[in-house]
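All of the numbers you see were taken from the coordinates with simple rules; none came from a lab. All figures in this text were calculated on a predicted structure; none of them were measured in a lab. FYI the Cβ positions are ideal-geometry reconstructions off the backbone, even for glycines, and counts take in every protein chain you see.
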Amino acid sequence: MIMSRIYTAAVVLLLSLLTGCAAVTSGGEVSRVRLYGSVSEMAEDSALVVTGRVVETKTVRDFDDETDFTLSTVEVLESNDAKVGDLLTVRQFGSDKQEPVVPLLVTGHEYLLFLTSSGLKGDLATHYYVTGSNAGIYELADESKARGGVREPSARQISPTDGEHLPVDLDQSTIEQLVS
């Protein structure tokens, strides 16, 4: 049991370093190693920047018998490097049953995602983590939310971090620059 917990802790630490963050499990908070000064800086640290729709999510325990990961299948709508229609697998630590340290992607929702290659082996090598953990997730606006002729921002960061210098809201022209 102790070895299993040590192994789990080692896996969590390794994954945290791979995604540019160090997870603190108490209270579901995140303390990241790097805070970004701009979306351009975060894009430079990313293997892919995509707008995409989550078509499926599932929970797996593929490292040990205790640690949940949520795998989201994301259909690419636009990207700086992937093809439209490609299906990407995005890994996030946690699940609906185990408190995630950052908000999980939701089936049917559309996002602007900054993605980092997983660095894992075998079949998992094709998976991606979100760059900067929560920093690299912006939910795309539902265009039907325009009120009185005033349009909502085109994308909103789902979980801003204090001390980060990233805009919470992005306009359409910024999104287009990032995914082109």
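For region 33-127, GluC sites (Glu not before Pro) are listed when DSSP marks them as loop and at most 13 other Cβ atoms sit within 10 Å of their Cβ; the list is E66. Computed over region 66-180, the Cα gyration tensor eigenvalues convert (square root of 5λ each) into semi-axes of 25, 17, 14 Å, ordered from largest to smallest. For trypsin sites (Lys or Arg not before Pro), the sites in region 88-143 that DSSP calls loop and that have at most 16 other Cβ atoms within 10 Å are K97, K121. A straight Cα-to-Cα reach below 20 Å connects K97 with the aspartates and glutamates E29, E56, D62, D64, D65, E66, D68, residues fewer than 8 places away in its own chain not being considered. With each label modelled as a point 7 angstrom along the Cα→C-beta vector, the N80-K97 pair spans 3.7 nm. Assuming R0 = 30 Å, can you tell me the calculated FRET efficiency for the pair D123 and L35, based on Cβ-Cβ distance, to the nearest 0.05? That pair, D123 with L35, gives E of 0.40.
Available extension along the chain between R61 and D142 is 25.9 nm, counting 0.36 nm per residue and deducting the alpha carbon span.
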